[in-house]
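S.K.: Okay, here's the structure, questions in a sec.
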Amino acid sequence: MKKLSLLLAVTAFTAFALLAAFLPGLRPGEARAAMRVDIMNPGQNLVNLALAAPLTGPERQATGMGSELQKLVEQNLSFLPFVRLTEPRAVLGGIVLKGWEPPSLDFKRFQLAGSDIVVTTYWPSGDSGTRPVQIRAFETNTGGRLFGKEYTKVNSKDLPEVADRFCADLLEALTGNGDFFRSTLAFVKKSGKMNANVWLVKPTGRDLRRITNMPGEALSPAWSPDGRFVVFSHIDPKSHALGVWDRSTGKVQRIRFPGNVVIGPAFMPDNKVAVALSRGKYPVIYLLNHVFQKERILEEHNSINVSPTFDKTGTRMAFTSSRLGGPQIFLKDLGSGSVTRVSKNGTYNTEANLSPDGTLVVYSRMTEYGQRIFVQDLVTGMERQITFGPGSDEQPSFCADSYFIAFSSTRGGGRHIYLTTRHGGDAKQVPTGDGQAFFPRWGMPVQQK
């Protein structure tokens, strides 16, 4: 297996409302094989993964909820660019097995099919009604268990959540971070002239729902770190305002500021908001307190300064400024106050987003072919173009894992949301229903942490 190192680790079991206990036969503290895949550095290899048929007993295939869960897991894994699913017909002897764990699990047939990992699913009490399900993942060459979970009292409506939980745990076992499947995107959907509201959706397209219903246009939504709030700029025919959606109540408030300019709000790690507001001739980036009132200035200059974004420590802020003429991306150390230029190429760079790990800044650049997305590595100083059209690509945003990037694009006709990674590659569209969708921003609602 190329460039995939094996090491011994003890994989922690993540708490889950439906999780019962350790799987039968797995003793507390037992060491498991853990395959680690480096997704952060360029040149990552594909992981070949096989899904064995879900079972209700030896060689007895689950055809009810088991079949539906299998489809949901397969759909989820199709969003991982480094995972390639093994075709069932490529497995000699088939994927309906005599068992779901060693010694009755035949690893050889999956090795011959080129699979690095095999996932087994067992419904010990059948797969109709409300039943427990056990899911295990194994490394085929060694037979080592990556992890195993049992989800209790699962019914048909729980299947999408179980699929997301399993895929998050699998992704974490492989890469060290499963935040992609724990995330929810906030975005803006336009339904008419001066009519755009904030919606939520999983990055896989599930759980699509609208959270605001206000006359006017919402722009630039942003999640709070605790998952309680989504803030956004809001424009109606009379004014600009800061919109605040409270997850705990489902209500939206609209907060006005003097000067009638509210641009690009973003949360800091302590749940305070930074936003560009009017102050004289040019907008200034302010820090707001926990009740969304002005606390202090974060960045002020004799120029336009907008769109603040922070790493997970809250010690550095990337933003857009016109201080050198056209818009460019800058980075401010909030401790020392020093400001450095990030974007060194192009005359029009905007919409910066700082990766949570603080190593990269992603932004959009106007090129002769339209807007394109670029990533600047703050460690090496190297810049990389990660989208190439067609159409125009804008409004990039990092997932909490600092790997996946969401952006809006007109490449398919109209404006929709797509996913790529810090390395680029083929973009995958996020299903968001009818209407133009843009301004995607990642968050993790509190109950999904």
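The values are calculated or read from the model by the stated rules, or taken from the named source; none is laboratory data. Since this is a predicted model, take the numbers as computed values, not measurements. Glycine gets a Cβ as well: all are built from the backbone with ideal geometry, and neighbour counts include every protein chain shown.
S.K.: Which of (1) in contact with a Phe, Trp or Tyr (Cβ under 9 Å, 6 or more places away or on another chain); (2) more than 29 Å from residue 225 (Cβ to Cβ); (3) crowded, with 23+ Cβ neighbours inside 10 Å is the odd one out, the single condition residue 144 does not satisfy?
M.R.: For residue 144, the failing item is (3).
S.K.: Which members of region 318-330 meet the condition of being under 27 Å from residue 179 (Cα atoms) and either surrounded by fewer than 22 Cβ atoms within 10 Å (Cβ to Cβ) or in contact with a Leu (Cβ under 6 Å, 6 or more places away or on another chain) (or both)?
M.R.: Scanning region 318-330 gives a single hit, 318.
S.K.: Considering only region 240-256, state which residues are of a type in the set (S, T, N, Q) and part of a strand (DSSP E or B).
M.R.: Hit for region 240-256 is 253, nothing else.
S.K.: Inspect all residues belonging to region 307-320 and state whether any of them is in the same structural domain as residue 378 (by TED's automatic domain parsing), over 15 Å from residue 269 (Cβ atoms), free of Cβ contacts under 8 Å to residues at least 24 places away in the same chain and not small (Gly, Ala, Ser).
M.R.: no
S.K.: Also, I was wondering about something else. Take the conditions modelled with pLDDT of 95 or more and within 27 Å of residue 401 (Cα to Cα) and apply them to residue 95. Does it pass?
M.R.: Answer is no for this residue.
Yes/no matrix, rows are residues, columns are (1) within 30 Å of residue 430 (Cβ to Cβ); (2) at pLDDT below 95; (3) in a strand (DSSP E or B):
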site	(1), (2), (3)
53	yes, no, no
69	yes, no, no
79	yes, no, no
132	no, no, yes
137	yes, no, yes
